[in-house]
Amino acid sequence: MLFVIAIIGTSILGFTLWYSVRVAKMRDLPTWRRFLPLSLLVLSIAASLLRAADIPQIANAVAFPLLLASIAVSLVEVRAQNNRRAPTTTQ
């Protein structure tokens, strides 16, 4: 069971990293919006590392919400870019 949880966590982290880098490559966005998902991901990883420093309360309270925020911002930006690129047909 622990192996399955590790695979799910790794896939979520990879998914988040993939989309954060994809947003960072979007040249039509302002710089702060391009790097916001990547910054949230790095802060989430840093908060998770607080568990190694024996501060699990802060890590539990901050790491997962930052990861979810990174995923949400990435998906919103990618979908917005897809909507901007989609040709509008009028009949």
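The values are calculated or read from the model by the stated rules, or taken from the named source; none is laboratory data. None of these values were measured; they are calculated from a predicted model. Glycine gets a Cβ as well: all are built from the backbone with ideal geometry, and neighbour counts include every protein chain shown. With ligands, DNA and RNA removed, areas are computed over all heavy atoms of the protein, side chains included. Shrake-Rupley method; radii C 1.70, N 1.55, O 1.52, S 1.80 Å.
Brief remarks follow.
- Taking segment 12-21 as the range and being open to solvent by less than 90 Å² (accessible area, probe 1.4 Å) and over 20 Å from VAL62 (Cα atoms) as the test, the residues that pass are TYR19, VAL21.
- When LEU43, LEU29 are screened for being under 14 Å from the mean Cα position of the chain (by Cα) and either surrounded by 10 or more Cβ atoms within 10 Å (Cβ to Cβ) or of a type in the set (Lys, Arg) (or both), only LEU43 passes.
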